[in-house]
Amino acid sequence: IDFDLILENVKDLNVLAGEGISQIEHTPGGARLRQPEPLPLTLYQNGIVMFNGPFRPYEDPSTQQCLQDIMDGYFPSELQMCYPDGI
């Protein structure tokens, strides 16, 4: 696992996802600016934790696919169900 590549690509993906850019949220009385919700990803020596979910070891095929997507420069494909319009 290329941790340097993962960190570099996560930074790039964060920019694509709108990091630091406020979005307009319409409310009943008008509108307000809001920041996109972060998606926490914690890398450990032997696995990852995404969101506040369970620990996922690197040997797990779904963890390997998630990290491969990131190393390829894409948002993890497993997030498409939660974020069908993108992150």
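Remarks
- Relative packing of 61-73, 45-57, which averages over residues the other C-beta atoms within 10 Å, highest first: 61-73, 45-57
- Axis angle, to the nearest 10 degrees, between helix 61-71 and the longest C-alpha principal axis of the chain: 60 degrees.
- Taking 0.36 nm per residue of separation and subtracting the Cα-Cα distance, full extension of the segment from Q64 to T42 would add 6.5 nm.
- Average accessible surface for the chain: 73 Å² per residue, computed with a 1.4 Å probe over protein heavy atoms with every protein chain in place.
- Divided by 2.2 N^0.38 Å, where N counts the residues, the Cα radius of gyration of the chain comes to 1.25.
- Derived scalar couplings ³J(HN,Hα) [the range 12-20; Karplus, 6.51 cos²θ - 1.76 cosθ + 1.60; whole Hz; x for Gly, Pro]: 5, 5, 4, 5, 4, 7, x, 4, x
- In a DSSP loop and with at most 15 other Cβ atoms within 10 Å, the GluC sites (Glu not before Pro) in the chain are E19, E59.
- Portion, in percent, of the accessible area of the range 1-66 that falls on carbon or sulfur, probe 1.4 Å: 55
The values are calculated or read from the model by the stated rules, or taken from the named source; none is laboratory data. Predicted, not measured: the structure shown is a model, and the values here were computed from it. All Cβ positions, even for glycine, are placed from backbone atoms using ideal geometry, and neighbour counts span all protein chains on display. Calculation scope for accessible area: heavy atoms of the full protein, side chains included, ligands and nucleic acids excluded. Shrake-Rupley method; radii C 1.70, N 1.55, O 1.52, S 1.80 Å.
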